[in-house]
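S.K.: My questions all concern the structure below.
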Amino acid sequence: MQGALLLAFSKNLGYGNTTYAELRALVEGVKHCKNMNFGAVDIEMDSKVILSWLKNKRCGIWYLDDFWEELQLLLTNMDTRFMHVHREGNAVADWLARRGAREGSFPNDKANNVTAPNLKVLLTALNHSERLEFREDLDKHHSDYRVILYFLELNGNVKSGERVFDIYINNDKLRQNFDILANGSNYKEVALDVKANGSLNMTLVKASGGVFGPICNAYEILQVHPWVKETNQKDVDVALNVRNELLASNQENELLKSWSGDPCLPNPWHGLGCEPYNGSVIITSLDLSSSELQGSIPPSIAELAKLKTLNLSYNCFNGSIPEFPAFSVLESM
């Protein structure tokens with residue numbers, strides 16, 4: 001079933017940034033469509049509609065900054081398309097139109113990169129009339145990196161071919177005559193695999209004949225590691241169970257918040273010790289001492305078959321210690 005939702009946007013003239021003034025209806029409406037299992041949401045922008053709605057409902061204005069993360073999560077999980085944009089003055093519709101919303105998808109382009117910054121970050125940018133330079137100090141013991149540059153053209157007056165620049169990494173020109181607006185979109189990511197020795201220099205230089213200088217909204221530098229053996233799946237499952245059991249009484253615990261992904265690779269969770277074993281990696285130690293934990297000791301701990309040492313001291317646990325099986329190799333607790 002296809003669902004249509006009319007969402008209206010309002011611009012508070014007291015602010016210079018057109019992304020500030022929005023209606024709570026944006027979030028509530030999208031959430032409602034999601035709960036109703038609608039497969040798509042059509043978003044129409046018309047200031048006349050919103051002015052009428054405000055007058056009739058006497059509704060206050062909510063600000064986008066108050067619930068941006070919630071909005072982005074909702075739109076990310078839905079097939080959201082802007083089928084028509086009504087442009088009237090310096091309104092949010094103009095901002096959306098400049099971002100390629102004439103008839104297309106909500107710009108959630110991540111190019112299979114799950115770490116891409118959210119749209120709120122992309123709404124800021126550095127620019128220069130001639131060149132931008134960035135320098136980062138890196139781990140001297142690591143040489144392989146992936147640099148991801150994020151570009152979102154925020155100036156509605158810029159046309160394709162006017163903001164063109166070259167991209168250098170450590171003085172090597174890796175992209176020539178790069179144009180954000182090429183191919184009709186005003187959002188692009190550039191991923192570059194490079195080698196570095198303790199530092200990395202990124203330089204964006206205005207191309208000959210360009211009208212506008214370079215712009216950059218965000219960048220990331222990721223270490224590239226060779227594929228290694230996986231953690232034993234049984235230990236992965238048990239570690240996740242231990243985390244979830246601890247979270248039942250420690251939902252705000254910072255240690256547990258950091259426990260995500262593979263418990264051993266590429267780096268062990270804080271408090272875990274891992275060793276290679278029969279072609280995989282297993283958990284051999286667990287140190288939760290002085291971690292401000294409370295509640296029951298997780299019974300799943302006893303299922304870590306190769307656990308040798310366990311330290312639960314200086315916490316506020318209650319109840320009994322889980323009974324370890326006869327084949328347990330636990331040496332110290």
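The values are calculated or read from the model by the stated rules, or taken from the named source; none is laboratory data. Not measured: the values here are computed from a predicted model. Cβ placement follows ideal geometry from the backbone for every residue including glycine, while neighbour counts extend to all protein chains displayed.
S.K.: Quick one: which residue in L255, L293, L286 is touching a Phe, Trp or Tyr at 6+ places or on another chain (Cβ under 9 Å) and surrounded by 19 or more Cβ atoms within 10 Å (Cβ to Cβ)?
M.R.: Answer to the selection: L293.
S.K.: Can you tell me which residues in the range 270-284 are part of a loop (DSSP other than H, G, I, E, B) and within 15 Å of I301 (Cα to Cα)?
M.R.: Within the range 270-284, just G271 meets the criteria.
S.K.: Can you find, within the range 154-174, the residue that is nearest to H225 (Cα to Cα) among those that are modelled with pLDDT of 90 or more and within 25 Å of the chain's Cα centre (by Cα)?
M.R.: Here the residue is I169.
Per-residue answers, yes or no, for (1) closer than 13 Å to V242 by Cα; (2) not assigned by TED's automatic domain parsing to the domain that holds E254:
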{"position": "S285", "(1), (2)": "no, no"}
{"position": "S289", "(1), (2)": "no, no"}
{"position": "P298", "(1), (2)": "yes, no"}
{"position": "I301", "(1), (2)": "yes, no"}
{"position": "A305", "(1), (2)": "no, no"}
{"position": "S313", "(1), (2)": "no, no"}
{"position": "F324", "(1), (2)": "no, yes"}
{"position": "M333", "(1), (2)": "no, yes"}
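S.K.: Something else now. What are the residues in the range 185-232 that are under 30 Å from L307 (Cβ atoms) and touching a residue at least 24 places away in the same chain (Cβ under 8 Å), if any?
M.R.: Q223, H225, V228, K229, E230, T231, N232
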